[in-house]
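Input: a single structure, listed below in structure tokens.
The values are calculated or read from the model by the stated rules, or taken from the named source; none is laboratory data. Small disclaimer: the values here were computed from a predicted structure and weren't measured. Heads up, the Cβs are rebuilt from the backbone with ideal geometry, glycines too, and the neighbour counts pull from every protein chain shown.
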Amino acid sequence: MAKSGIQNLQGFQKKLKKRIVDNPEKHLKQLVQRSTTLVEGHAKQSIMKGGTGITYQKYNPRRQHTASAKGEPPASDTGFLVSNITSSVKQQGTTVIGQIVASAPYAPYLEFGTSTIDPRPFMQPALERNRPKIKRIFKKGGYVD
């Protein structure tokens with residue numbers, strides 16, 4: 001006679017418990033918040049680490065600045081770009097949306113470049129660098145296998 005049933009009952013119960021939470025929307029919102037915070041933090045960190053390009057004198061106020069090299073994140077000069085990177089999480093029905101925004105007026109020009117300036121991407125690399133961590137957050141939270 002063949003046995004039927006669950007082979008690893010404890011493992012099954014553990015997976016099931018991960019998927020059943022008291023407030024799934026709130027739980028999902030927390031996971032999205034953790035993910036957006038990771039990406040926001042990495043974007044800011046990449047800018048604050050400083051440049052590896054040329055060093056030159058700036059005025060008003062007088063200071064030395066080391067620019068970023070082509071293709072690297074922009075090097076912070078005044079801190080304005082970093083102070084204008086924010087994240088938010090909102091819920092629309094059962095959909096949870098995480099958003100990271102660089103609201104400095106020149107942020108898109110740095111990220112994507114222009115006809116005269118090479119890109120200095122900082123947002124997309126921050127997302128790509130954290131993609132595995134984000135997947136682990138959602139896997140541990142029981143939302144993906």
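May I ask you to list pairs of residues, at least six apart or on different chains, whose Cβ atoms are under 7 Å apart, with the first in segment 60-78 being under 15 Å from TYR106 (Cα atoms) and the second being outside any loop (DSSP other than H, G, I, E, B) and of a type in the set (Phe, Trp, Tyr)?
That search, which allows pairs on different chains as well, returns nothing.
Scan segment 79-92 for residues that are part of a loop (DSSP other than H, G, I, E, B) and surrounded by 12 or more Cβ atoms within 10 Å (Cβ to Cβ) and jot them down.
The one that is part of a loop (DSSP other than H, G, I, E, B) and surrounded by 12 or more Cβ atoms within 10 Å (Cβ to Cβ): ASN84.
Mind listing whichever residues of segment 101-123 are touching a helix residue (DSSP H, G or I) at 6+ places or on another chain (Cβ under 7 Å) and not basic (Lys, Arg)? Can you show your working first?
Residues of segment 101-123 that are touching a helix residue (DSSP H, G or I) at 6+ places or on another chain (Cβ under 7 Å), as a first pass: 102, 104, 107, 111, 117, 119-123.
Matches in segment 101-123: ALA102, ALA104, ALA107, GLU111, ILE117, PRO119, PRO121, PHE122, MET123.
Return a yes/no flag: does segment 84-100 have any residue that is under 15 Å from LYS49 (Cβ atoms), touching a residue at least 24 places away in the same chain (Cβ under 8 Å), in contact with a helix residue (DSSP H, G or I) (Cβ under 8 Å, 6 or more places away or on another chain) and not hydroxyl-bearing (Ser, Thr, Tyr).
Among the residues of segment 84-100, at least one is under 15 Å from LYS49 (Cβ atoms), touching a residue at least 24 places away in the same chain (Cβ under 8 Å), in contact with a helix residue (DSSP H, G or I) (Cβ under 8 Å, 6 or more places away or on another chain) and not hydroxyl-bearing (Ser, Thr, Tyr), which makes the answer yes.
Table: residues versus (1) in contact with a strand residue (DSSP E or B) (Cβ under 6 Å, 6 or more places away or on another chain); (2) among the aliphatic types (A, V, I, L, M); (3) within 30 Å of LYS29 (Cβ to Cβ).
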| position | (1), (2), (3) |
| --- | --- |
| GLY71 | no, no, no |
| GLN92 | no, no, yes |
| GLY98 | yes, no, yes |
| ALA102 | yes, yes, yes |
| PRO125 | no, no, yes |
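Give segment 121-140 a look and list any residue that's within 8 Å of the chain's Cα centre (by Cα) and of a type in the set (A, V, I, L, M, F, W, C), or say none.
Across segment 121-140, the qualifying residues are MET123, ALA126, LEU127.
For the list (1) of a type outside the set (Phe, Trp, Tyr); (2) modelled with pLDDT under 95; (3) over 21 Å from LYS49 (Cβ atoms), I need the number of the one condition that LYS70 fails.
So the condition that LYS70 fails would be (3).
Tally time: how many residues in segment 6-47 are farther than 27 Å from THR95 by Cα, of a type in the set (A, V, I, L, M), assigned to a helix (DSSP H, G or I) and at pLDDT below 95?
Within segment 6-47, residues that are farther than 27 Å from THR95 by Cα, of a type in the set (A, V, I, L, M), assigned to a helix (DSSP H, G or I) and at pLDDT below 95 number 1.
I'm trying to understand the selection: among the residues of segment 109-145, which are charged (D, E, K, R) and surrounded by 16 or more Cβ atoms within 10 Å (Cβ to Cβ)? Quick ask: steps written out before the conclusion?
Residues of segment 109-145 that are charged (D, E, K, R), as a first pass: 111, 118, 120, 128-129, 131, 133, 135-136, 139-140, 145.
Within segment 109-145, GLU111, ARG120 meet the criteria.
If TYR56 satisfies every condition in (1) closer than 24 Å to VAL144 by Cβ; (2) at pLDDT below 95; (3) surrounded by fewer than 16 Cβ atoms within 10 Å (Cβ to Cβ) but one, which is the exception?
TYR56 satisfies all of (1) closer than 24 Å to VAL144 by Cβ; (2) at pLDDT below 95; (3) surrounded by fewer than 16 Cβ atoms within 10 Å (Cβ to Cβ) except (1).
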